[in-house]
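> I am attaching a structure below and will ask some questions about it afterwards.
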Amino acid sequence: MSRHDKPVITVLTAPDEAEPPGMEALRARAEVRFASDEASLRESLPGSRVMMVTDFRTEALAAAWPAADQLEWIHATSAGVDALMFPALIDSDVVVTNARGIFDRTIADYVLCTILMFAKDFPRSLRLQAGHRWLHRDTEQVESREVLIVGAGSIGRQIARLVKAIGMSPHGIARSARPGDQDFVTVHGQDQIYNQLAVADYVVIAAPLTPQTEGLFDSKAFAAMKETARLINIGRGPIVKTDDLIHALNRQEIAGAALDVFEQEPLDKDHPLWDMGNVILTPHMSGDFIGWKRALTDQFLENFDRWHQGGDLFNRVDKTLGYAG
């Protein structure tokens, strides 16, 4: 079957998730099937040449993989693709793309917001306001403060540009050193992370979840950080060992943390992080802006046009590394 015929596309969503907006444009050009679990995916995959995955935590694809008899391309509507990187897919010829670029600026906005909240002591101000208490304090400046961005990809680059614009000094950590990057003061290799943690005022995790980053922020990493430093995680929850973070916060080894992602989501109602005064929590929403679901569909449709015409797909993921280059 030619790509110019009407191809079969399977859209894998989370159970009870609504159909992504903008599907009418896809139905005009393809046979669209929907699946939400392993059983429905096994029924939908035979004959499917393209997949659009909106449930980035799913394990259904790995379980139903033997039913994928004609699959050529999988598109994940998320920046992280760690849940999709199972051995059979990695070893296959199936191309994987992701949603790189959609959430970069809004995540960077979130990071800048949390930096300013810490510097200006807004979490405490909000608590005092709720208690009708007037308590004047002096607060910190952010100009010239050092920001270490662990993960110097497209999201990390947007973060670097924003913090640089307010006078902060962004440094990056990447798989290898990257001299001459105009958005960062310096991009260091992974082997320099502990040296750089020792001098950073804010540490931002913007890395994908890979075997190399899982559990990277443990007791050793927190011991390397300044006692006045704050951690901000907008990457993936399992990059941080939660128990080690709680221990570091309780022992004042670091000054605070802003967390949008967690090892287990949703966070348990009785989890100790909820009640820690030096922690800012949000429910995995740092990149989600009004209209983001339609933006994801439009990005997929743009790539689908390329695939349908036999062109090169953008945002191709290096399956051995686990992220788009």
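The values are calculated or read from the model by the stated rules, or taken from the named source; none is laboratory data. In this text, all values refer to a predicted model and were calculated from it rather than measured experimentally. Note that we place each Cβ from the backbone using ideal geometry, even for glycine, and neighbour counts take in every protein chain shown.
> Is there any pair linking a residue in region 102-130 that is small (Gly, Ala, Ser) to one that is in a helix (DSSP H, G or I), with Cβ under 6 Å and at least six apart or on different chains, and which?
ALA108/GLN158; ALA108/ILE159; ALA108/LEU162
> Could I ask something else about it? Just checking, how many residues over region 37-56 are without any contact (Cβ under 8 Å) to a residue 40 or more places away in the chain and closer than 17 Å to LEU296 by Cβ?
Taking region 37-56 as the starting set, the residues that turn out to be without any contact (Cβ under 8 Å) to a residue 40 or more places away in the chain are 37-47, 56.
From what's left, closer than 17 Å to LEU296 by Cβ: 56.
Total meeting the criteria: 1.
> Here is a follow-up. Listed residues LEU296, LEU267; which is within 20 Å of the chain's Cα centre (by Cα), crowded, with 21+ Cβ neighbours inside 10 Å and not in a strand (DSSP E or B)? Can you show your working first?
Working: LEU267 fails: crowded, with 21+ Cβ neighbours inside 10 Å.
Just a single option satisfies the conditions, and that option is LEU296.
> When residues of region 214-235 are filtered for being under 22 Å from the mean Cα position of the chain (by Cα) and either of a type in the set (Asp, Glu) or surrounded by fewer than 22 Cβ atoms within 10 Å (Cβ to Cβ) (or both), how many remain?
4
> Would it be correct to say that ASP201 is farther than 21 Å from GLN141 by Cβ and modelled with pLDDT of 95 or more?
Details: farther than 21 Å from GLN141 by Cβ: no; modelled with pLDDT of 95 or more: yes.
For ASP201, the condition - farther than 21 Å from GLN141 by Cβ and modelled with pLDDT of 95 or more - is not met.
> So how many residues does region 208-249 have that are in contact with a helix residue (DSSP H, G or I) (Cβ under 8 Å, 6 or more places away or on another chain), touching a residue at least 60 places away in the same chain (Cβ under 8 Å) and either closer than 22 Å to CYS113 by Cα or not assigned by TED's automatic domain parsing to the domain that holds VAL261 (or both)?
The number of residues fulfilling the criteria is 5.
> Go through (1) surrounded by 16 or more Cβ atoms within 10 Å (Cβ to Cβ); (2) aromatic (Phe, Trp, Tyr); (3) under 30 Å from LEU116 (Cβ atoms) and name the single condition PHE289 misses.
Condition not satisfied by PHE289: (1).
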